[in-house]
Amino acid sequence: MTPEASPAVQPAAAAPVFRRVYVWELPVRIYHWLNALCVLVLTVTGILIAHPPAFASVTEASFSYWFGINRFIHFATAYVFFFNFAFRIYWGFVGNQFSDWRNFLPLRSAQFRQAGAVLRVDVLQATNRPIDAVGHNSLAYFTYFLMFLVFLFQVISGFAMYASMSKSWFPQLFVWAVPLFGGDFALRQWHYMAMWFFIVFTIVHVYLVFYHDYVEGHGVMSSMVGGWKFVRPDMLKGNGRSWFPLSPRSPRSEQKSAPRRPS
Ligand code: HEM
């Protein structure tokens, strides 16, 4: 088959017209990649803390401080993770309509309907009708909300355990969590289980963003790098724009969404 005859090469008249929309602002992208890096470092150093390799006990003592360095990296990264997370919450109040905190809470029936539609496409594979969402889809927003709750738990439980080893005032803010979760040992188990939640989340998350990129063709993957997605103009109307399209912050992102002519 010649390239002209291939169904993948559409004649210009039939080609859908896409609009370039600035969805993820730079602070959201920096937050995302810094968060992913922190999760990676915290997971690797955390697993080493939970399961110290046996060679630690056979090394000459003067060379075996690596475990202390490993713990230091874990604790220092926890501070970066916490302040980055706190920044994203702040950005939910000042950023554009796609990063608005209200999107993350399923408060409207339309959000539940879209979540059901996403499940039919992603999990049940009962239909291949693409989901029309410019920001995250409704199910993704809700999943990220649940993950933010686990982030919060991880911060509280981590700093609560750290409080007994630190004189700094910040970890002391969380000491109340130790008796609440039944002591240091039980809290450590919860902290460890939450780490596995992040590992499973990351595997499913990376698969889904690639899958949606392929099925929908809106540039989901590159949007977390450059900020832009490519959507049909009708997706910018109504709920496709965001779950709260009448947000007073809408015009700011709209300014940046003007289509550019290819040079
Ligand atoms: C190589 C690994 C990763 C890739 C390729 C990736 C890719 C992406 C992409 C493309 C989006 C935007 C999806 C959309 O527009 O609907 C996104 C959003 C998100 N990702 Fe990841 N991700 C990765 C790792 C992680 C990790 C490790 C975490 C945390 C455990 C994470 C948490 C999130 C969150 C919370 C959002 C929503 C961002 C927001 O609205 O603030 N990602 N990711």
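The values are calculated or read from the model by the stated rules, or taken from the named source; none is laboratory data. Values in this document were obtained by computation on a predicted structure and should not be read as measured data. Don't worry about glycine lacking a Cβ; one is built from the backbone with ideal geometry, like all the others, and counts go over all protein chains shown.
Considering the conditions (1) of a type outside the set (A, V, I, L, M); (2) under 30 Å from Ala76 (Cβ atoms); (3) within 12 Å of the ligand (Cβ to nearest atom), Asp100 is excluded by exactly one of them, (2).
Considering the conditions (1) at pLDDT below 95; (2) more than 13 Å from the ligand (Cβ to nearest atom); (3) of a type in the set (S, T, N, Q), Ser157 is excluded by exactly one of them, (1).
For Ala76, the conditions (1) part of a helix (DSSP H, G or I); (2) modelled with pLDDT under 90; (3) away from the ligand (no atom under 16 Å from the Cβ) all hold with the exception of (2). Applying the condition of being over 15 Å from Trp33 (Cβ atoms) and within 8 Å of the ligand (Cβ to nearest atom) to segment 205-217 and asking which residue is surrounded by the most Cβ atoms within 10 Å (Cβ to Cβ) yields His212. In this entry, Tyr144 passes the filter for residues that are aromatic (Phe, Trp, Tyr) and either modelled with pLDDT under 95 or within 16 Å of the ligand (Cβ to nearest atom) (or both).
Kindly evaluate Gln172 against the criterion of being surrounded by 12 or more Cβ atoms within 10 Å (Cβ to Cβ) and over 16 Å from the mean Cα position of the chain (by Cα). Don't jump to the end; show me each part of the working.
On the way: surrounded by 12 or more Cβ atoms within 10 Å (Cβ to Cβ): yes; over 16 Å from the mean Cα position of the chain (by Cα): yes.
When the stated conditions are applied, Gln172 passes them.
For segment 218-232, the set of residues classified as assigned to a helix (DSSP H, G or I) and more than 7 Å from the ligand (Cβ to nearest atom) consists of Ser222, Val225, Gly226, listed by residue number.
Criterion first (modelled with pLDDT of 95 or more, of a type in the set (Val, Ile, Thr) and farther than 30 Å from Leu236 by Cβ) does Ile47 satisfy it?
So Ile47 fits the description; yes.
Can you confirm whether Ser138 is of a type outside the set (A, V, I, L, M, F, W, C), touching a Gly at 6+ places or on another chain (Cβ under 8 Å) and touching a residue at least 24 places away in the same chain (Cβ under 8 Å)?
Details: of a type outside the set (A, V, I, L, M, F, W, C): yes; touching a Gly at 6+ places or on another chain (Cβ under 8 Å): no; touching a residue at least 24 places away in the same chain (Cβ under 8 Å): yes.
Spelling it out, it is not the case that Ser138 is of a type outside the set (A, V, I, L, M, F, W, C), touching a Gly at 6+ places or on another chain (Cβ under 8 Å) and touching a residue at least 24 places away in the same chain (Cβ under 8 Å).
Remark: pairs (first residue in segment 216-236, closer than 14 Å to Asn137 by Cα; second residue in a helix (DSSP H, G or I) and more than 10 Å from the ligand (Cβ to nearest atom); Cβ separation under 8 Å; 6+ apart in sequence or on different chains) = Val231/Gly240.
Looking only at segment 114-159, count how many residues are crowded, with 16+ Cβ neighbours inside 10 Å and assigned to a loop (DSSP other than H, G, I, E, B). So the answer is 7. Give the residue that is modelled with the highest pLDDT, with candidates limited to residues of segment 218-245 that are exposed (fewer than 12 other Cβ atoms within 10 Å of the Cβ) and within 15 Å of Gly135 (Cβ to Cβ). Looking at residues that are exposed (fewer than 12 other Cβ atoms within 10 Å of the Cβ) and within 15 Å of Gly135 (Cβ to Cβ), I get Lys237.
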